[in-house]
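Below: the structure, in structure tokens.
Just so it is clear, none of the values below were taken in a lab; they were calculated from the coordinates. These numbers were taken from a predicted model, which means no experiment stands behind them. Quick reminder, even Gly has a Cβ in these numbers, built from the backbone with ideal geometry, and neighbours come from all protein chains shown.
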Amino acid sequence: MLERGFRALEFSIKYVDESKVDDLCLLCIPAQNASDPVFARGVEEKRKWSTEMLRKFRSFAKLAYVGSSPVGLIQYEPIVDERVVKIHCIYVPERTHWRKGIGKKLLCSVMEDAKNPLAWFGNEPALALVTRTFPGEKPGQCPARLFFTRMGFRQVGEDPDFLYYPMKEGFAYRPVVRKEAEYVPQREDEGKALIIYGPSPCPFSYVFLKRAEQAIVDVAPNITIRWIDKSEEPEEVMKRGNVEGCIVNAKLIRSFVLDKDSFKKEVREAMNR
Ligand SMILES: CC(C)(COP(=O)(O)OP(=O)(O)OC[C@H]1O[C@@H](n2cnc3c(N)ncnc32)[C@H](O)[C@@H]1OP(=O)(O)O)[C@@H](O)C(=O)NCCC(=O)NCCS
């Protein structure tokens with residue numbers, strides 16, 4: 001059953017500036033993982049991403065606060081050549097805060113900004129908000145896809161997770177087709193595993209890569225694993241086609257690690273090539 005809450009809650013919405021980056025980066029981390037070094041590294045990668053977003057765009061995230069406690073986030077960035085604002089993530093982690101209007105207020109606040117002339121778009125307003133949802137909800141929590149469709153977002157093409165909200169009457173969003181990054185195999189990658197990571201909007205990206213490392217070791221206990229930090233060895237990443245994630249025996253693994261069986265099957269196939 002999805003949760004329903006009926007009590008009013010007072011909260012405020014604030015832009016994330018330098019003073020709020022820590023609040024943004026820590027909000028999604030469950031209390032029981034707060035001192036775990038793997039999660040701490042995930043938070044660090046999000047901090048690097050946030051610093052870069054602040055430098056590039058100034059406005060890239062908002063937080064909802066109850067008093068001085070952060071209780072919800074929304075992260076976004078302009079897609080300049082499409083004149084749209086992409087929403088990366090919206091999240092209200094704690095059950096006690098669900099269904100109190102926080103998510104709606106965060107989204108509406110970004111919508112209001114997007115109606116104004118924006119320097120990103122040569123002082124024009126955005127044509128639309130766009131998002132790609134994924135199943136990140138806790139048990140009983142509202143899935144992002146349901147939330148956005150309830151907020152009036154429409155589907156783009158055939159993918160039910162690809163959604164947009166037109167900011168101009170009659171506007172139909174047609175995404176620019178972009179070439180996906182493709183791994184460029186290297187002789188030196190043969191017989192090894194590589195894990196490429198770097199600044200990320202989600203602190204769980206690093207945590208999931210650690211799980212991927214364990215899954216690779218489960219399949220190939222003696223394999224040498226090399227971690228490549230994108231921000232420290234950019235040339236190593238560029239020569240491999242600027243891909244991120246796991247490469248096993250010179251093959252990019254496409255399965256998501258939480259789909260453990262598919263992930264391990266792909267690793268096994270890569271090893272047996
Ligand atoms: C989606 C989310 C942001 C909504 O936050 P919220 O503050 O609880 O939502 P709101 O109270 O603003 O609700 C706005 C609307 O969303 C819909 N909604 C929210 N919760 C709902 C629920 N439990 N059941 C059905 N609809 C729901 C309703 O249409 C609601 O409007 P209404 O209350 O007027 O009917 C929150 O549930 C969430 O974080 N979900 C997980 C999203 C996710 O996976 N993010 C990525 C994590 S990495």
Gyration tensor (alpha-carbon) shape descriptor, the range 187-271, a/c threshold 1.5: oblate
Estimated vicinal HN-Hα couplings, Hz - the range 129-141 in sequence order (Karplus 6.51, -1.76, 1.60; Gly, Pro = x): 9, 10, 7, 10, 7, 8, x, x, 7, 7, x, x, 8
By average C-beta atoms within 10 angstrom, highest first, the peptides 245-253, 218-226, 191-199: 245-253, 191-199, 218-226
Structure-based [θ]222 nm, the chain - -39500 (n - 2.57) summed over DSSP H runs of at least 4, per residue, nearest 500: -9000 deg cm²/dmol
The range 231-244 - phi-based ³J(HN,Hα) in whole Hz, Karplus 6.51/-1.76/1.60, Gly and Pro as x: 7, 9, 10, x, 5, 5, 7, 4, 5, 9, x, 6, 8, 10
In order through the range 63-76: 3J(HN,Hα) via Karplus (6.51 cos²θ - 1.76 cosθ + 1.60), integer Hz, x for Gly, Pro: 10, 9, 10, 9, x, 9, 9, x, 10, x, 9, 9, 10, 8
Label-point separation, Ala31 to Asp229 (7 Å along Cα→Cβ), nm: 3.2
Distant-in-sequence amide H partners of His88 (H built 1.01 Å from N, under 5 Å): Gln75, Tyr76, Glu77
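Of Lys14/Lys100; Lys230/Lys264; Lys104/Lys230, which ones are farther than 27 Å apart at the Cα?
Numbers: Lys14/Lys100 17 Å; Lys230/Lys264 24 Å; Lys104/Lys230 35 Å.
In this structure, Lys104/Lys230 lie more than 27 Å apart at Cα.
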Segment Glu269-Lys104, extension gain: residue separation times 0.36 nm, minus the distance between their alpha carbons: 54.9 nm
Modelled label reach - Val177, point 7 Å along Cα→Cβ, the range 75-94 residues with backbone N closer than 19 Å: 81-82
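Given a Förster distance of 51 Å, report the FRET efficiency between Val184 and Glu112 from their Cβ-Cβ distance, rounded to the nearest 0.05. Present the calculation step by step, with values, prior to reporting the outcome.
Working: r = 43 Å, r/R0 = 0.85.
Taking R0 as 51 Å, the efficiency between Val184 and Glu112 is 0.70.
Please give the FRET efficiency for Arg55 paired with Arg154, using the beta carbon to beta carbon distance and R0 = 25 Å, rounded to the nearest 0.05.
Working: r = 33 Å, r/R0 = 1.32.
Calculated transfer efficiency: 0.15.
Determine, from the Cβ-Cβ distance of Asp22 and Val80 and an R0 of 30 Å, the FRET efficiency 1/(1 + (r/R0)^6), rounded to the nearest 0.05. The partial results should precede the final answer.
Working: r = 28 Å, r/R0 = 0.95.
Efficiency at R0 = 30 Å is approximately 0.60.
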Net dipole in debye of the chain [+1 Lys, Arg Cβ; -1 Asp, Glu Cβ; about Cα centre; nearest 20]: 720
Amide H contacts under 5 Å for Gly241, placed H, 5+ residues apart: Val184
